[in-house]
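Asker: The structure is given below, and queries will be raised subsequently.
The values are calculated or read from the model by the stated rules, or taken from the named source; none is laboratory data. Keep in mind that this is a model prediction, so the values were computed, not measured. Note: ideal-geometry Cβ built from the backbone for every residue, glycine included; neighbour counts use all protein chains shown.
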Amino acid sequence: MQEATLRAYAERAGGEIVRFFRIAETASKSDERTTFRELVRYAKQHAPTLDGLLFYKVDRAARNLYDYVELERLESEYGVPFISISQPTESTPAGRMMRRTLANMASFPLFPQNRASSSRWTCGRGSPGGSPKVGSLPPPPTATGTSASTAGEW
């Protein structure tokens, strides 16, 4: 689906995809790094002929902030724009800040929804050390309608 969407976007913009780099969801870190390095090398070598690097989403472009910075360098030093079709941003300071925020969020691991132990830990106990996760719910009210915890516990 993402590949078809990328191809349709390129066609609507009057361009063409000259090379496609794929990283499988099941790829190992080593395979992922190899493909990313290949992409960066290709973009540097062909920068004068490229109109941009087209990605579906920011988190599909780079799995960590270090890799995202590499893509930013391609834009600033080689003139190869970063284009995210589902999260469009401009190549302005504000647009780059938004992309960095999205890349930063993508670097945080998500807890699997289908693992009961993970869900119980994140929703029921908070993080290790006793402090609750951001967005976790306070304890239920007692019979008198007040919370069982005090502000100091949160």
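Asker: Name every residue in the range 90-116 that is under 17 Å from L65 (Cα atoms), in a loop (DSSP other than H, G, I, E, B) and either of a type in the set (S, T, Y) or modelled with pLDDT of 80 or more (or both), in order of residue number.
Answerer: The one that is under 17 Å from L65 (Cα atoms), in a loop (DSSP other than H, G, I, E, B) and either of a type in the set (S, T, Y) or modelled with pLDDT of 80 or more (or both): S107.
Asker: Go through the residues of the range 32-50 one by one and say whether even a single one is on the phi > 0 side of the Ramachandran plot and in contact with a Gly (Cβ under 9 Å, 6 or more places away or on another chain). Write out each step before concluding.
Answerer: Initial filter on the range 32-50 (on the phi > 0 side of the Ramachandran plot): none.
Within the range 32-50, not a single residue is on the phi > 0 side of the Ramachandran plot and in contact with a Gly (Cβ under 9 Å, 6 or more places away or on another chain).
Asker: Can you find a residue that is in contact with a Pro (Cβ under 6 Å, 6 or more places away or on another chain) and surrounded by 13 or more Cβ atoms within 10 Å (Cβ to Cβ) anywhere in the range 14-21?
Answerer: Checked against the condition, which is being in contact with a Pro (Cβ under 6 Å, 6 or more places away or on another chain) and surrounded by 13 or more Cβ atoms within 10 Å (Cβ to Cβ), the range 14-21 yields no hits at all.
Asker: Shifting gears a bit: Tell me whether the range 70-82 contains one or more residues that are outside any helix (DSSP H, G or I), under 13 Å from the mean Cα position of the chain (by Cα), under 20 Å from T5 (Cβ atoms) and not aromatic (F, W, Y).
Answerer: Within the range 70-82, none of the residues are outside any helix (DSSP H, G or I), under 13 Å from the mean Cα position of the chain (by Cα), under 20 Å from T5 (Cβ atoms) and not aromatic (F, W, Y).
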